[in-house]
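Everything below concerns the one structure shown next.
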Amino acid sequence: MHAPASLPLFRRHLQPLLQEALGDTPAVLINGPRQSGKTTLARQCGEDMPYLSLDDATRLSAARADPQGFIRQIDRAIIDEIQRAPELLLALKLSIDSDRRPGRFLLTGSANVMSLPTIADSLAGRIEVHALLPLSNAEIAGREPNFLERAQTQDWSAPAREDVPGVGDALVLHVLAGGYPEMRSRATPRRRQAWAQAYLTTLVERDIQDVARIEEAARIPQLMAILAMMSGQLLNLSQIGGQLGLNVHTAEKYIGILEKLFLVRRLPAWGRNELSRLVKTPKLHFLDAGLHSALVRANADLLRNERNRFGPILESWVFGELLKIASLAPGQWFLSHYRDKDQVEVDFVLESPLRSIIGIEVKASATVTAGDFKGLRRLREHCKDAFVSGIVLYDGPSALPFGDGLWAVPLGWL
């Protein structure tokens with residue numbers, strides 16, 4: 001799946017952080033799904049560095065056969081698709097230990113190689129890792145990612161109209177197109193769906209083998225379809241495994257593989273006691289709404305007639321946007337969901353490094369009522385002074401106040 005020459009070039013908000021890291025760290029890794037734009041961004045950040053792709057079969061064979069010899073020949077370089085030869089990472093450690101100049105190696109990986117056994121430990125203190133997910137809403141619009149700042153200050157003055165997706169059908173088409181640059185370059189929704197299906201096939205036939213040797217590879221397409229139908233729900237490994245004839249341990253392992261490939265991610269439960277978050281039931285979300293919609297065979301005509309089907313796909317889109325926004329923010333933000341003993345829920349909870357809280361509900365309709373803030377009010381009761389703002393993202397054109405710190409905000413402003 002090679003990108004056509006006419007693909008538009010987007011300014012990626014991660015670029016300044018990468019260039020800063022190259023200024024003081026020996027190795028920098030851009031991690032993210034295949035076709036998210038990693039190679040393009042790496043070549044922009046390392047314009048003066050030789051480019052070596054491990055998608056080249058001969059180079060890959062040489063790297064696997066003699067990792068230390070391969071790295072010994074390199075002073076500085078971009079090494080693309082490093083997960084194809086994880087043997088190189090130990091050789092990189094030895095090279096860096098003998099020459100700790102910053103900015104020597106700029107790596108890209110289409111799988112989360114830092115989660116592979118022994119790799120994270122061997123490169124600790126020598127590498128900085130950044131995730132590049134598909135295009136964000138702000139990158140597509142060519143504007144700055146200021147949603148968190150606006151949420152914290154509750155400044156919901158209207159942005160320029162041309163900068164945001166529309167409402168109704170226009171919003172649906174925008175969400176279904178996803179964030180992959182090549183998918184968005186396709187001229188029609190039908191061609192975008194065809195690209196997504198080809199992408200998912202490649203994921204199964206090739207990319208999974210980069211991160212795991214699994215015996216039941218034929219079950220992965222079924223697993224992806226089941227997870228797509230359950231996206232946004234509490235993760236029930238027994239139920240998922242039962243539908244596939246897999247035990248809980250195997251279902252857990254296969255979902256972990258899809259997480260390493262940046263297809264899905266678990267969203268932990270929020271709690272005031274941070275230790276309790278580790279044992280409460282997480283939800284599972286897809287990271288890209290375009291791929292999610294392809295797996296559930298959703299299109300604009302279907303969603304126009306059955307609007308309730310749009311909700312889970314829209315949540316995937318919001319989840320992906322929040323991940324991208326949080327990854328650029330100073331300090332480490334914690335993203336979770338809220339659910340209490342009364343089954344009162346909030347779709348997303350953003351917690352700042354200083355433990356201030358922003359709650360976010362997602363609503364696919366154009367109407368917001370006071371009742372839509374029930375979960376956010378409950379969250380505010382729990383958080384007290386730590387609660388900054390509660391936001392219902394909805395399919396409307398204007399930001400509207402709903403009481404102390406509570407707002408209805410257009411989805412397109414995300």
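The values are calculated or read from the model by the stated rules, or taken from the named source; none is laboratory data. Computed from a predicted model, the values in this text were never measured in an experiment. Heads up, the Cβs are rebuilt from the backbone with ideal geometry, glycines too, and the neighbour counts pull from every protein chain shown.
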Scanning region 346-377 for residues that are within 19 Å of the chain's Cα centre (by Cα) and among the β-branched types (Val, Ile, Thr), the one farthest from ARG304 (Cα to Cα) turns out to be VAL349
Residue by residue through region 192-217, note down the ones that are at pLDDT 80 or above and hydrophobic (A, V, I, L, M, F, W, C). ALA194, TRP195, ALA196, ALA198, LEU200, LEU203, VAL204, ILE208
Residue in region 386-401 that is among the polar types (S, T, N, Q), under 25 Å from ALA138 (Cα atoms) and touching a Gly at 6+ places or on another chain (Cβ under 7 Å) present: yes
Quick one: how many residues across region 335-350 are under 21 Å from TRP413 (Cα atoms) and modelled with pLDDT under 95? 0
Tell me the residue from LEU18, LEU9, LEU52 that is exposed (fewer than 14 other Cβ atoms within 10 Å of the Cβ) and of a type in the set (A, V, I, L, M), please. LEU9
Options ALA62, ALA77, ALA42; residue that is among the small types (Gly, Ala, Ser), surrounded by 14 or more Cβ atoms within 10 Å (Cβ to Cβ) and touching an Asp or Glu at 6+ places or on another chain (Cβ under 9 Å): ALA42
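Determine which member of the set LEU237, LEU227, LEU287 is surrounded by 15 or more Cβ atoms within 10 Å (Cβ to Cβ) and free of Cβ contacts under 8 Å to residues at least 24 places away in the same chain. Working first, answer last.
Numbers: LEU227 fails: free of Cβ contacts under 8 Å to residues at least 24 places away in the same chain; LEU287 fails: free of Cβ contacts under 8 Å to residues at least 24 places away in the same chain.
It is LEU237.
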Return the total of residues in region 209-223 being among the hydrophobic types (A, V, I, L, M, F, W, C) and either in contact with a Phe, Trp or Tyr (Cβ under 9 Å, 6 or more places away or on another chain) or not assigned by TED's automatic domain parsing to the domain that holds THR250 (or both). 4
Quick test of your reading of the structure: GLU139 fulfils all but one of (1) over 28 Å from ILE358 (Cα atoms); (2) surrounded by 14 or more Cβ atoms within 10 Å (Cβ to Cβ). Name the failing condition by number. (1)
Considering only residues that are closer than 10 Å to PHE402 by Cβ and not β-branched (Val, Ile, Thr), which ones fall in region 360-376? ALA370, ASP372, PHE373, LEU376
Scanning region 298-341 for residues that are without any contact (Cβ under 8 Å) to a residue 12 or more places away in the chain and either touching a strand residue (DSSP E or B) at 6+ places or on another chain (Cβ under 7 Å) or charged (D, E, K, R) (or both) gives ASP301, GLU306, LYS341
